[in-house]
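The values are calculated or read from the model by the stated rules, or taken from the named source; none is laboratory data. For clarity, every value in this text was computed on a predicted model and none was experimentally measured. Here the Cβ is made from the backbone with ideal geometry for all residues, glycine too, and neighbour counts use every protein chain on show.
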Amino acid sequence: MKKVILLLCSIMLSAGIAFADGCFIAKENGKVLQSEGDPEKRYAPMSTFKITLSLIGFDSGILIDEMHPVWPFKEGYVDWREVWKQDQTPKSWMKESCVWYSQVLTKQLGMENFKKYVTKFDYGNKDLSGDKGQNNGLTNAWLSSSLQISSAEQVAFLQKMLAGKLPVKLHAVTMTKNILFVEELKNGWKFYGKTGMGSLLNADGTKNPDLYHGWFIGWIEKGDRRIIFSNHIEDDKKEEIGASQRAKLDAKEKMTKIIDRIEGNK
């Protein structure tokens, strides 16, 4: 009987693991410091795309600085979170991951300019068509929809941004970096990044309400050293802490261990 119970437990654990997957990459100056999972598998960028939208917004002049423009909440805007039902600035937009601010930004930009930027950035699969048959790419392409990007591509994009190799003004990079600051970690390392979370897609492209994925991408820096990372998880866990926050906490733990390793080597 005991053997049967152990066997059942093993099967249940295996079933749980089948729903869990993840990928973590950390690079410094192009050198891989740590890599786990499949870095080439693509997913919707979700709110990590706000990094791209920030660069576009500041470069195009739609966004001015960390506190301007201030856009008011209006009836009909996406209001999944209570904090979104109020005025937003670029800083609060990034901090609170406000979806409607992104959509107001892309509407002001227009699809033609939107496509030009995404193409110039060589961002993921560059597919801005949106949900099939919905013609909503301008406002929804990055939200569990047509636009997809891999962990390796996320890291490469951040590398180009921070090295000044994207076709945008320095002001756009500076402002984006400022609103991505999260906190200071141990030994003076600064922690930057952005979360993202959404439903996984079924084989036919429809959203699966029972499977989730979460991102946290960013970098840590100290002096002239900078380590860029991407952390992605997918699973079926319905917890109080969403997949994006779990990805963020996991990334922070991993990066702290990397700091310990680096500092220990001195």
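Out of the residues in the stretch 204-261 meeting the condition of being in contact with a strand residue (DSSP E or B) (Cβ under 8 Å, 6 or more places away or on another chain) and of a type in the set (Asp, Glu), tell me which one is modelled with the highest pLDDT.
Of everything passing the filter in the stretch 204-261, Glu221 is modelled with the highest pLDDT.
So which residues in the stretch 35-66 are in a loop (DSSP other than H, G, I, E, B) and touching a Lys or Arg at 6+ places or on another chain (Cβ under 6 Å), if there are any at all?
Glu66
Which number in (1) of a type in the set (Ser, Thr, Tyr); (2) in contact (Cβ under 8 Å) with a residue 60 or more places away in the chain; (3) more than 25 Å from Ile220 (Cβ to Cβ) marks the one condition that Tyr101 misses?
(2)
Please work out which residue is nearest to Asp65 (Cα to Cα), limiting yourself to the stretch 167-191 and to residues that are touching a residue at least 60 places away in the same chain (Cβ under 8 Å) and among the aromatic types (Phe, Trp, Tyr).
Here the residue is Phe191.
Could you give every pair whose Cβ atoms fall below 7 Å, whose first residue belongs to the stretch 151-165 and is within 17 Å of Arg225 (Cβ to Cβ), and whose second residue is in a helix (DSSP H, G or I) and charged (D, E, K, R), counting only separations of at least 6 or pairs across chains?
none
Being more than 30 Å from Glu263 (Cβ to Cβ), at pLDDT 95 or above and part of a loop (DSSP other than H, G, I, E, B) is true for just one of Ser129, Ser102, Ser92. Which residue is that?
Result: Ser129 is the single residue among Ser129, Ser102, Ser92 that is more than 30 Å from Glu263 (Cβ to Cβ), at pLDDT 95 or above and part of a loop (DSSP other than H, G, I, E, B).
Condition check: at pLDDT below 95, out of contact with any strand residue (DSSP E or B) (no Cβ under 9 Å at 6 or more places or on another chain) and not in a strand (DSSP E or B). Does Leu8 satisfy that?
Yes; evaluated as a whole, the condition is true for this residue.
Can you find a residue in the stretch 192-203 that is of a type in the set (A, V, I, L, M, F, W, C), at pLDDT 90 or above and crowded, with 16+ Cβ neighbours inside 10 Å?
yes
Before we move on, is Lys177 surrounded by 15 or more Cβ atoms within 10 Å (Cβ to Cβ), under 23 Å from Lys95 (Cα atoms), of a type outside the set (A, V, I, L, M) and in contact with a Gly (Cβ under 8 Å, 6 or more places away or on another chain)?
Judged against the criteria, Lys177 is not a match.
What do you reckon, is Lys160 touching a helix residue (DSSP H, G or I) at 6+ places or on another chain (Cβ under 9 Å), among the charged types (D, E, K, R) and more than 17 Å from Ala251 (Cβ to Cβ)?
Criteria met by Lys160.
Filter the stretch 142-163 down to residues that are assigned to a loop (DSSP other than H, G, I, E, B) and out of contact with any Ser or Thr (no Cβ under 7 Å at 6 or more places or on another chain) and give me whichever is surrounded by the most Cβ atoms within 10 Å (Cβ to Cβ).
Looking at the filtered set, the residue picked out is Trp142.
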